[in-house]
Amino acid sequence: MICEECNEREATIKFAEMTDGELTSWNLCEECAREKGAAASLSSYAGPLVNILMGLLEEAEEHGPEPSGPVCPRCGLSYAEFRSSGKLGCAVCYASFHGELKPLLRRIHGTTEHTGGVPSCREREFDSLKEVKRLQSELGRAIRNEEYERAAELRDRVRAKERELASTAGTDAPGTAGGDGSGEDVDVRDDDA
């Protein structure tokens, strides 16, 4: 890179100056930087390490910014793009951005649990899913309270309910995105609550 002041020598210093609240920066050679008021070049203070870091910085500037956050492996949407548009690209985005979406949904809706209506053809399956979640919560309490016989009973009831759900719902159960045509089952249920 050529010095932006003299347009002759190689620029080795990125010089920044704040004037009246406005930041101005130039890529300068050491001589022009000295004339601008820099006592010595940065490389004279720290040696080769700074040159390496400055080279990496310049390379990063040339290639543009890295995508911010995770990227959906199916549609290529980045989390930053989702945040700017407010729209997800495909069903796999829910799983790809799961960790980022949970706090966002909690902040917007007050919960990460679905509380709205359910189509009548799915009502029974949805109720079964809620029952499984309730039993799992009860199972966790029983284990914490060291009520192992009760925990074994609850474990068996959870497994039976899950088998029942699997046999009636297939891969297109509520809480999954299996019916999106991708051939993948993506679980988007809240596993923390």
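The values are calculated or read from the model by the stated rules, or taken from the named source; none is laboratory data. Only a predicted model underlies this, so the values are computations on that prediction, with no experimental measurement involved. Using ideal geometry, Cβ is built from the backbone for each residue, glycine included, and neighbour counts are taken over all protein chains shown.
Pairs are defined by a Cβ separation below 8 Å, a sequence spacing of at least 6 or placement on different chains, a first member in the range 17-30 that is part of a loop (DSSP other than H, G, I, E, B), and a second member that is buried (at least 16 other Cβ atoms within 10 Å of the Cβ) and at pLDDT 75 or above; the pairs so defined are C29/C3; C29/E5; C29/A11; C29/T12; C29/I13. Could you please let me know if T168 is assigned by TED's automatic domain parsing to the domain that holds H98, assigned to a helix (DSSP H, G or I) and touching a helix residue (DSSP H, G or I) at 6+ places or on another chain (Cβ under 8 Å)? In short, yes. When the range 144-193 is filtered for residues that are modelled with pLDDT of 50 or more and on the phi > 0 side of the Ramachandran plot, the ones remaining, listed by number, are E146, G170.
Residue check: P73 meets all listed conditions (1) assigned by TED's automatic domain parsing to the domain that holds K133; (2) on the phi < 0 side of the Ramachandran plot but one, namely (1).
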